[in-house]
Amino acid sequence: MAAASGATAPTAGAGNDFAARQKVLDRRTAENNYQYGVAQHNCYDTFFVNHCLGKARDAMRVVQADIRHQQLALDEEQRADNARRRDEQAALQRAKDEADAPQRAANEAQSAQAYEDKQRQHALDQAQRQAEAPQRASNAQAFEEKQRQHALQQAQREGEQAQSQRAANQAAYDKKQSDYQKQLDEARREGQQKGQERAQKAERFQQKQEEAAKHKADVEARQKQAAEKAQQQQQQKPQGQ
């Protein structure tokens, strides 16, 4: 506890190191709470427990009040330091604004001049556009006329191409039909020729059949005549020979 009480006042070297002083107060608070907890624990080993607990609580509150007092003082110093810093910053800003006033005025004048120049240029551009409006309209009309002429020419070319394509298609169709007719006529001629050849073959076959039948009949007739003649000769021979 002696070490804790020795840290109640900030050292001269600490100055306005608020963070370091805050750490000291936080450390004292933690140590005070720890010492109070140890004292409470030890009181339960004594005969007069409540009396011991009361003394420990009073000792803790004394240190706590001192820490609170120093915390309030530190907070007040921080607020004062922050206010001083704000005042210094405001004074520096005012001085800077006063020093920059001529340049700022020159910049504002330059900006105003640039804005006026821009407005004048805009007015000139507007007047020029209005003056050029008839020419633009004429150019637009000429462009539209050129576009229409181009569309007409394109349509004409497409029509001519379509007509040429139709003629080519018709010629191809006619040629195809002519080739087909030629093939058909050729097939008919070949069919007729083959038919004639088959008829001639059938006729020759029939003729050969007839000739063979006639030859067979002649042979059979001659054989029959020969047999009859031989029989007659046999009958005409005298008996006993």
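When the Cα convex hull of region 113-224 is projected onto planes of every orientation, the mean area is 14.2 nm². Only Lys, Arg, Asp and Glu carry charge here, each on its Cβ (+1 for the first two, -1 for the last two); on that basis the chain has a dipole of about 2280 debye about its Cα centre.
Which aspartates and glutamates does Lys55 reach when only Cα atoms under 18 Å apart count, and residues fewer than 8 places away in its own chain are ignored? Leaving aside aspartates and glutamates fewer than 8 places away in the same chain, those within reach of Lys55 are Glu31, Asp45, Asp66. Over the Cα atoms of the chain, Rg to Rh with Kirkwood Rh, two decimal places? Here the Rg-to-Rh quotient is 1.94. What does the charge add up to near Asp218, with Lys and Arg as +1, Asp and Glu as -1, over the other residues with Cβ less than 11 Å from its Cβ? Net charge around Asp218: +2.
From the convex hull of the Cα coordinates of region 8-126, what is the mean projected area in square nanometres?
Answer in nm², one decimal: 14.6.
Ratio of Rg to Rh for region 39-95: 1.52 [Cα atoms; Kirkwood radius as inverse mean 1/r over pairs]. Ranking Asn32, Gln232, Ala59 by how far each Cα lies toward the positive end of the dipole of the chain (charges on Cβ) leaves Gln232 at the top. Note on the chain: dipole from Cβ charges, positive end direction compared against Phe48, Ser164, Phe205; the farthest Cα belongs to Phe205.
The charge dipole of region 8-126, taken about the Cα centre with unit charges on the Cβ atoms of Lys, Arg (+1) and Asp, Glu (-1), comes to about 540 debye, rounded to the nearest 20.
Under 22 Å of direct C-alpha separation, and excluding same-chain neighbours fewer than eight residues apart, Lys237 reaches these lysines: Lys224, Lys229.
Add +1 for every Lys or Arg and -1 for every Asp or Glu among the other residues with Cβ under 14 Å from the Cβ of Ala91, and state the total. Please list the in-between numbers first.
Working: positive: Arg84, Arg85, Arg86, Arg94, Lys96; negative: Asp87, Glu88, Asp97, Glu98.
With Lys, Arg at +1 and Asp, Glu at -1, the net is +1.
Any read-out appearing in this document is the output of simple, stated calculations on the displayed coordinates, not a laboratory observation. Predicted model only: the values in this text are computed from it and were never measured. So basically every Cβ, Gly included, is an ideal-geometry build from the backbone, and we count neighbours across all protein chains shown.
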